[in-house]
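This report concerns only the one structure given below.
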Amino acid sequence: MTDDSPRHDASRALDSTRIPAHVGIIMDGNGRWAQARGLSRSAGHRAGVENLRPVLEAAGEFGIRFLTLYAFSTENWSRPAAEVRALLLLAQSVIDRELDGLAQRGVRLRHLGRREGLEQALLRRLDAAEERTRDNDALTLNIAFNYGGRAEIVDASRLLVRDGVPAHEITEELISSRLATAGQPDLDLVIRTAGEMRLSNFMIWQAAYAEYYSTSTLWPDFGRDDLLLALQAYQSRRRRFGGLDQVS
Ligand code: FPP
């Protein structure tokens, strides 16, 4: 059962004081979208890439300040070589095509994920995009590419050891400070498209208290109104962070 039930209405206004600061999206369903049209899986990913700009614009319109997109997981290397190749090339070409527009709109781009395994051509583009947009603050766009949540925590632990932090001084704040999202708010809302109900190693530290929203819509079809429904569902939840509801 997914979460996009009809009690949510795309024409209903959002409460502008309760917009989630940080939203993560697990973009799933490109393959099913393509299969339904008799197209290759790579064509599905191309359609998925075309969907990035409208969703980003909608995120800006709704006042989301931090958006993290799960574009390529450490587990995705096990897909057929041609599909992996297509995803890596798509990543390069979307940066080439979109960077000017993103920079002009005040978007700060960040790469989350391991560098090992990625080609220089892609790393150069990611580095240049980060450098060029580092002072922007309208919206931070994290691209999780070659990303795994557990690997990120392992890497943060290694940094703490490298920095000589004694075991008894390790705190949650110190671990957060060594993650790729250091300085950013934790995730408030995780959206997953295509009906799955798994976190799939996505931001497992930062999503500890996030609300989770699953929609049956496939990623290439996910648009502004779908994002609005997800935000409405978020606003209808009571967040307790392990405590009890406030009694007035
Ligand atoms: C899941 O669909 C999607 C992916 C593994 C990749 C998501 C990537 C994009 C939307 C484009 C890449 C973005 C950038 C920034 C380069 P799936 O193939 O698992 O679909 P299925 O479950 O229907 O087979």
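Assorted remarks:
- Of all residues in segment 221-237, exactly one satisfies the criterion of being assigned to a helix (DSSP H, G or I), open to solvent by 10 Å² or more (accessible area, probe 1.4 Å) and under 13 Å from residue 25 (Cα atoms), namely 226.
- Some residue of segment 96-111 being more than 18 Å from residue 181 (Cβ to Cβ), of a type outside the set (Gly, Ala, Ser), away from the ligand (no atom under 13 Å from the Cβ) and assigned to a helix (DSSP H, G or I): yes
- Some residue of segment 189-197 being among the hydroxyl-bearing types (Ser, Thr, Tyr) and away from the ligand (no atom under 16 Å from the Cβ): no
- Residue match in segment 44-67 (condition: in contact with a strand residue (DSSP E or B) (Cβ under 7 Å, 6 or more places away or on another chain), within 8 Å of the ligand (Cβ to nearest atom) and either open to solvent by less than 30 Å² (accessible area, probe 1.4 Å) or of a type in the set (S, T, N, Q) (or both)): no
- In segment 30-43, the qualifying residues are those that are more than 8 Å from the ligand (Cβ to nearest atom) and not hydrophobic (A, V, I, L, M, F, W, C), and the one that is most open to solvent (accessible area, probe 1.4 Å) is 37.
- Identity of the residue in segment 112-134, touching a residue at least 40 places away in the same chain (Cβ under 8 Å) and within 12 Å of the ligand (Cβ to nearest atom), that ends up nearest to the chain's Cα centre (by Cα): 112
The values are calculated or read from the model by the stated rules, or taken from the named source; none is laboratory data. All values reported here derive from a predicted model rather than from experimental measurement. Positions of Cβ are generated from backbone atoms using ideal geometry, with glycine treated the same way; all protein chains shown enter the neighbour counts. To get the accessible areas, we keep the full protein, side chains included, count just its heavy atoms, and leave off ligands, DNA and RNA. Shrake-Rupley method; radii C 1.70, N 1.55, O 1.52, S 1.80 Å.
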